[in-house]
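Below is one structure, written out as structure tokens, with a few remarks after it.
Nothing in this text is a laboratory measurement; each read-out follows from the coordinates by a stated rule. Everything numeric in this text was worked out from a predicted model, so none of it was measured. Cβ placement follows ideal geometry from the backbone for every residue including glycine, while neighbour counts extend to all protein chains displayed.
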Amino acid sequence: MAIDIRALTPSDARAKRALRLEMLALHPEAFTSDAAEEAQRLLAWTEERITPSADKPHDLWLGAFDDGVLVGCVGLAGRYRAKERHNATLVGMMVHPRARGRGVGKQLLDAVLERARAIPSLTHIDLTVTQGNDSAQRLYEAAGFTVFGVHPDAIRVGDRHYAKVLMLLPLRTTVP
């Protein structure tokens, strides 16, 4: 069955939270968030985060559904200080292992970038990816992201240190 990509709604909060907690536990080095800390958050936090808000018009969450089951998601987090409103950050990209190798990550990335490009005031999308996560970095590079730096020792998982690769995608050169 085909993968359905759509905006997440508050009714998807329980599935999103479960996917996120599972992915944080399976791949702690891939995320800045910590599974134990995230597990302490109430479901209402997830509901609020995925609910569209007029105060945060650049924020959105997309989900990939396989036969009605959430198997991946990605978010866009805008910046709302006056000098940064032209920027947003790609966040929370994840695809469950059972859905990998089927192009789900690419579909999610393409869909979120299509929506970002439809926001006239956005000119740049940035992201971080854990150094060594070559498949994710290749996915982002294929979409046009370029590396602009590396944050060494960005996260620590137990006694291991991981760098984060900083990447940027210009959406357009001028603001309308």
Subject >> Subset tally (residues that are part of a strand (DSSP E or B) and within 15 Å of Thr128 (Cβ to Cβ)) for region 74-101 >> reply: 12
**OP:** Can you work out which of the residues in region 26-71 that are of a type in the set (A, V, I, L, M), surrounded by 14 or more Cβ atoms within 10 Å (Cβ to Cβ) and in a helix (DSSP H, G or I) is farthest from the chain's Cα centre (by Cα)?
**Re:** Ala35
Original post:
Looking at region 58-73, is at least one residue in contact with an Asp or Glu (Cβ under 6 Å, 6 or more places away or on another chain) and either closer than 21 Å to Thr128 by Cβ or without any contact (Cβ under 8 Å) to a residue 12 or more places away in the chain (or both)?
Top reply: no
**OP:** Could you please tell me which pairs satisfy a Cβ distance under 6 Å, a separation of 6+ or placement on different chains, a first residue in region 14-37 that is of a type in the set (Asp, Glu), and a second residue that is part of a helix (DSSP H, G or I) and surrounded by fewer than 16 Cβ atoms within 10 Å (Cβ to Cβ)?
**Re:** none
Original post:
List the pairs whose first member sits in region 119-132 and is under 13 Å from Leu171 (Cβ atoms), whose second member is part of a strand (DSSP E or B) and aromatic (Phe, Trp, Tyr), and whose Cβ atoms are under 9 Å apart, counting only residues at least 6 apart or on separate chains?
Top reply: Asp126/Phe148
Original post:
Going by the conditions given, is Asp134 out of contact with any strand residue (DSSP E or B) (no Cβ under 6 Å at 6 or more places or on another chain) and among the acidic types (Asp, Glu)?
Top reply: yes
**OP:** Would you mind stating whether Ala111 is in contact (Cβ under 8 Å) with a residue 24 or more places away in the chain, more than 20 Å from Gly75 (Cβ to Cβ), aliphatic (A, V, I, L, M) and not in a loop (DSSP other than H, G, I, E, B)?
**Re:** no
**OP:** Considering (1) under 27 Å from Arg156 (Cβ atoms); (2) of a type in the set (A, V, I, L, M); (3) in contact (Cβ under 8 Å) with a residue 40 or more places away in the chain, say which one Ala116 fails and leave the rest.
**Re:** (1)
Subject >> Hits in region 117-135 (condition: over 27 Å from Pro57 (Cα atoms) and either touching a helix residue (DSSP H, G or I) at 6+ places or on another chain (Cβ under 9 Å) or among the polar types (S, T, N, Q) (or both)) >> reply: Thr130, Gln131, Gly132, Asn133, Ser135
**OP:** Give Ala163, Ala88, Ala99 a once-over and let me know the one that is in contact (Cβ under 8 Å) with a residue 24 or more places away in the chain, buried (at least 18 other Cβ atoms within 10 Å of the Cβ), in contact with a His (Cβ under 8 Å, 6 or more places away or on another chain) and not acidic (Asp, Glu).
**Re:** Ala88
**OP:** All but one of (1) crowded, with 18+ Cβ neighbours inside 10 Å; (2) among the hydrophobic types (A, V, I, L, M, F, W, C); (3) in contact with a helix residue (DSSP H, G or I) (Cβ under 7 Å, 6 or more places away or on another chain) hold for Ile155, so report the exception by its number.
**Re:** (3)
